[in-house]
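Written out below as structure tokens is the structure these notes cover.
We did not get these values from a lab; they are worked out from the coordinates using the rules stated. Predicted model, so just to flag it, every value in this text is computed and none were measured. When we count neighbours, we look across all protein chains shown, and the Cβ atoms used for this are built from the backbone with ideal geometry, even at glycine.
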Amino acid sequence: MTVIRDARRDDLPEILVIHNRAIVDTTANWDENEVDLADRDRWFDQRAADGHPILVAEIDGVVAGFASYGPWRARSGYRHTVENSVYVADSYHRRGIATALLAELLERARQGGIHAVVAGIEASNLTSIALHEKFGFRVVGRLPEVGTKFDRWLDLVLMQLTLPVDPSASL
């Protein structure tokens, strides 16, 4: 059974493994160098300070995936907009984990007064695009050749889900 819960600091080593695998082997993350546990500690602390969730999917005591959202842009006018991320460990693909993580993440966004959730997805990642479409995200733009990895140019597809929220609400 999959349990979706808030991440704890002691989940960071497993999150780090999943994160670094995405760096080394995929274009889901456009970083080119693996990070260390100190990096994930800073990330965890920043998300907590900003009031942004980090969720994990746990199966039989193992972190099978994680999801979070963070600021879309630094200016205060963007405070109701976030960018999401969902990662699943290789051995847990195709089990509905990304769907469960994104569902809970979007519920947290609704509860947190978030109005727009943005996903930046490498254009050939059709699985991630389909996942987001399932939740009502729509493609709002495509930025050709804005990134590079594995000696090739990458296109970024921008998707957005708009949630109802009063613009006078503060976060």
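For the stretch 2-162, the calculated P(r), taken from all Cα-Cα distances in 5 Å bins from zero up to the bin holding the longest distance, is 2, 9, 18, 22, 22, 18, 8, 1, 0 percent. Karplus-derived 3J(HN,Hα) values for the stretch 111-126, using 6.51 cos²θ - 1.76 cosθ + 1.60 with θ = phi - 60°, are 5, x, x, 6, 9, 10, 10, 10, 10, x, 10, 4, 4, 8, 7, 5 Hz; glycine and proline are entered as x. Calculate, for residue 10 and residue 156, the FRET efficiency according to 1/(1 + (r/R0)^6) with r their C-beta to C-beta distance and R0 25 Å; round to the nearest 0.05. According to the calculation, E is roughly 0.15.
Applied to the stretch 34-44, the Karplus parametrisation 6.51 cos²θ - 1.76 cosθ + 1.60 on θ = phi - 60° returns per-residue 3J(HN,Hα) values of 4, 10, 10, 4, 4, 4, 5, 4, 4, 4, 4 Hz, with x for Gly and Pro. In the chain, the calculated helix contribution to ellipticity at 222 nm averages -9500 deg cm²/dmol per residue, counting -39,500 (n - 2.57) for every DSSP H run with n ≥ 4.
The fraction of Cα-Cα pairs per 5 angstrom bin, counted from 0 for the stretch 24-117, comes to 3, 12, 20, 23, 22, 14, 5, 1, 0 percent, rounded to whole percents.
Exposed loop sites, defined as chymotrypsin sites (Phe, Trp or Tyr not before Pro) outside DSSP H, G, I, E and B with at most 16 other Cβ atoms within 10 Å, are absent from the longest region of the chain, namely 31-134.
Any idea what log10 I(q)/I(0) is at q = 0.18 Å⁻¹ for the stretch 98-158, Debye with uniform C-alpha scatterers and no solvent? Relative scattering, expressed as log10 I(q)/I(0), comes to -0.70. Tell me, which longest segment in the chain has none of the GluC sites (Glu not before Pro) that fall in DSSP loops with at most 15 further Cβ atoms within 10 Å? The reported range is 35-171.
Placing unit charges on the Cβ atoms of the charged side chains and taking the dipole of the stretch 2-162 about its Cα centre, the candidate lying farthest along the positive direction among 38, 66, 160 is 160. Between residue 2 and residue 94, full extension at 0.36 nm per residue minus the direct alpha carbon distance yields a gain of 31.8 nm.
Rounded to whole Å, give me the distance from the Cα center of the stretch 3-57 to that of the stretch 92-171. Result: 17 Å between the Cα centres.
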